[in-house]
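Laboratory data are not the source of any read-out in this text; all were calculated from the coordinates shown. Predicted model only: the values in this text are computed from it and were never measured. Here the Cβ positions follow ideal geometry from the backbone for every residue, glycine too, while neighbour counts run over all protein chains shown.
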Amino acid sequence: MIVILAGAPGSGKGTQADRLVAEAGFCKISTGDALRRQISLGSEIGRSVESYLNAGKLVPDEILSGVLAEELKHAAGRMILLDGYPRTLNQAKSLDEMKDEYPVSSVIHLDILSEKLIARLTGRRVCQDCAASYHTENMPPAVAGVCDHCGGKLFQRSDDNAEKIRTRLDVYKQETMPVLDFYKERGLYRRLDADKTPQELFTALRKMLEF
Ligand code: AMP
């Protein structure tokens with residue numbers, strides 16, 4: 001079974017997904033994390049996708065389907081939380097073709113006005129080891145620059161600057177918003193107001209997922 005966490009960059013998908021993993025036993029698949037892992041390994045896939053990530057543009061669907069298939073193998077038999085996939089109608093259709101093996105039970109849209117996202121994203125810091133996400137003001141780590149969970153070093157993503165953020169939000173509007181309609185038509189879409197603190201949003205999410 002798959003639950004999709006949808007929403008614009010900075011809407012809180014990654015943070016909420018991490019809590020759902022820790023507190024509800026989900027297995028998280030983040031295609032963004034998987035791609036960044038390939039880049040830091042210097043693999044062939046990593047080299048082929050690096051320029052897309054740095055520019056804030058979407059990686060071609062053909063590459064993504066391979067990356068997703070690999071991630072799904074590791075999650076076999078578990079409740080899966082998808083963060084950052086599907087981001088295009090084609091990706092939603094390919095996932096739909098796998099519905100016998102991987103049925104989608106709901107698509108939760110963390111909805112927030114795009115004006116609020118720039119401040120969230122420019123203050124974001126991410127752990128280089130476990131990918132946990134922080135915010136310099138709203139969710140700082142106990143020790144500046146150090147991950148609370150694993151002690152890893154925090155860094156700022158190369159696509160978390162004002163110019164790239166604008167590109168990513170445009171891409172989201174053009175390519176990813178139609179995906180929400182795809183799931184509305186199938187009766188799987190559910191909306192949550194994401195203009196909340198991480199704790200408030202988690203409480204709302206928990207209620208929605210009934211655990
Ligand atoms: P994220 O960590 O989800 O914000 O993703 C970071 C970047 O990875 C995106 O801006 C894209 O370049 C790439 N990416 C992640 N997921 C996808 C996807 N489903 N389709 C295409 N590109 C993706």
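Under the rule a/c < 1.5 gives rounded, and otherwise a/b versus b/c splits prolate from oblate, where does the chain land using the Cα gyration tensor? Since a/c stays below 1.5, the shape of the chain is classed as rounded. Taking all Cα pairs closer than 8 Å and separated by 6 or more residues, the relative contact order of region 93-167 comes to 26 percent.
Each of Lys13, Lys57 was scored by other Cβ atoms within 10 Å of its Cβ. Listed from fewest to most, they are Lys57, Lys13.
Place the peptides 88-95, 169-176 in order of packing, highest mean first, counting for every residue the other Cβ atoms within 10 Å and averaging per peptide. Don't jump to the answer; show the numbers that get you there.
On the way: 88-95: 18.2, 169-176: 16.8.
Ranking the peptides 88-95, 169-176 by packing returns 88-95, 169-176.
Normalising the average separation of contacting C-alpha pairs (under 8 angstrom, six or more residues apart) by the number of residues puts the relative contact order of the chain at 30 percent. Between Tyr85, Tyr52, Tyr134, the residue with the greatest mean-square fluctuation in the GNM of the chain (Cα pairs under 10 Å linked by springs) is Tyr52.
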